[in-house]
1. Taking into account only those residues within the range 27-53 that are among the acidic types (D, E) and in contact (Cβ under 8 Å) with a residue 40 or more places away in the chain, which is surrounded by the most Cβ atoms within 10 Å (Cβ to Cβ)?
2. Here's a check for you: in the range 197-231, which residue that is in contact (Cβ under 8 Å) with a residue 40 or more places away in the chain and farther than 19 Å from M1 by Cα is surrounded by the fewest Cβ atoms within 10 Å (Cβ to Cβ)?
3. Since R24 meets every condition but one in (1) within 24 Å of Q205 (Cβ to Cβ); (2) without any contact (Cβ under 8 Å) to a residue 40 or more places away in the chain; (3) within 19 Å of the chain's Cα centre (by Cα), which condition does it not meet?
4. Kindly establish whether V91 is crowded, with 20+ Cβ neighbours inside 10 Å and hydrophobic (A, V, I, L, M, F, W, C).
5. I'd like the residue in the range 138-172 that is within 26 Å of L198 (Cα to Cα), among the acidic types (D, E) and surrounded by fewer than 23 Cβ atoms within 10 Å (Cβ to Cβ) and, out of all such residues, is farthest from the chain's Cα centre (by Cα).
6. List the strands (runs of 3 or more DSSP E) inside the range 135-242, counting only whole elements, that have at least 2 residues being small (G, A, S).
7. Taking the residues in the range 62-76 that are surrounded by fewer than 24 Cβ atoms within 10 Å (Cβ to Cβ) and either at pLDDT below 95 or not in a loop (DSSP other than H, G, I, E, B) (or both) as candidates, determine which candidate is farthest from the chain's Cα centre (by Cα).
Amino acid sequence: MDCKLGEMARNVATIKKFAKLASRRDADIVCYPELATTGYSLNRKWRNHAETIPGPTSNLLAKLAEEFGFYLICGMVERDSRSNRIFDSTVLINPSGDLVGVYRKVHLWDMERRFFTPGKSFPVFRTKFGNVGLGICYDLEFPEPARALAVRGADIIFFSSAQPSWMRKLVDTYVHSRASENCLFVAHSNRVGREGGLVFLGQSQIVSPYGHTLAKKNRGEGVVVARVDFSIRRRMRRRLPYLRHRIPRAYSTLTG
């Protein structure tokens, strides 16, 4: 989707429009881009648009999930009610409108580091379809988040992103690598449009553990849908047992 900077009501309306399209294609889990409710380039104004979760915007998203009967993943600016810190977060809501969980972006890019507090962990959430891991944009560019989620049992990782157009080749490489090196599915939801001099890539796609692109939207707004078979993940992990053949003691320098 093309998010409109600071126009939360308009963005939620766009989210609903694509929710309708996804429901017509029998989607079970729907993922939207990073900071989809606000747009990306707010900088100092991120704090002005931050909300607690649950809160007004997450409650609207919950109503959409319940109305259309699917799991909904969406990026938004979160404010922690106790510390008053803000986070670049995604919510995961189930088809009953219940909040399953929140992921706070761990790897912050550029200006994000001035305003957001980084998250501290990579949780895996159980759904009736399988175990879901979440990541946000810059997290994709590090191998550790996807590996941590894989070790914790994720069947699929959904990345909500706002990747720029100059990252086209790199993003394609990262999405396929994270899927194949961890023997799981990756769904990458990346926004489109322009904010000032920043042009967003789009190129949303769903990739199998074998590195096959199951569905892809190369340009413009739209909905990308693929049916995934988690038995493929189990078969590939038997054939290519990367997770079992890890040698963590040899990687000790990574924790330094």
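The values are calculated or read from the model by the stated rules, or taken from the named source; none is laboratory data. These numbers were taken from a predicted model, which means no experiment stands behind them. Here the Cβ positions follow ideal geometry from the backbone for every residue, glycine too, while neighbour counts run over all protein chains shown.
1. E34
2. F230
3. Going through (1) within 24 Å of Q205 (Cβ to Cβ); (2) without any contact (Cβ under 8 Å) to a residue 40 or more places away in the chain; (3) within 19 Å of the chain's Cα centre (by Cα) one by one, R24 breaks only (3).
4. Numbers: crowded, with 20+ Cβ neighbours inside 10 Å: yes; hydrophobic (A, V, I, L, M, F, W, C): yes.
So V91 fits the description; yes.
5. Ranking the qualifying residues of the range 138-172, first place goes to D172.
6. Numbers: elements: 156-161, 185-190, 204-207, 213-217.
In the range 135-242, 156-161, 185-190 are the strands (runs of 3 or more DSSP E) which contain 2 or more residues that are small (G, A, S).
7. E67
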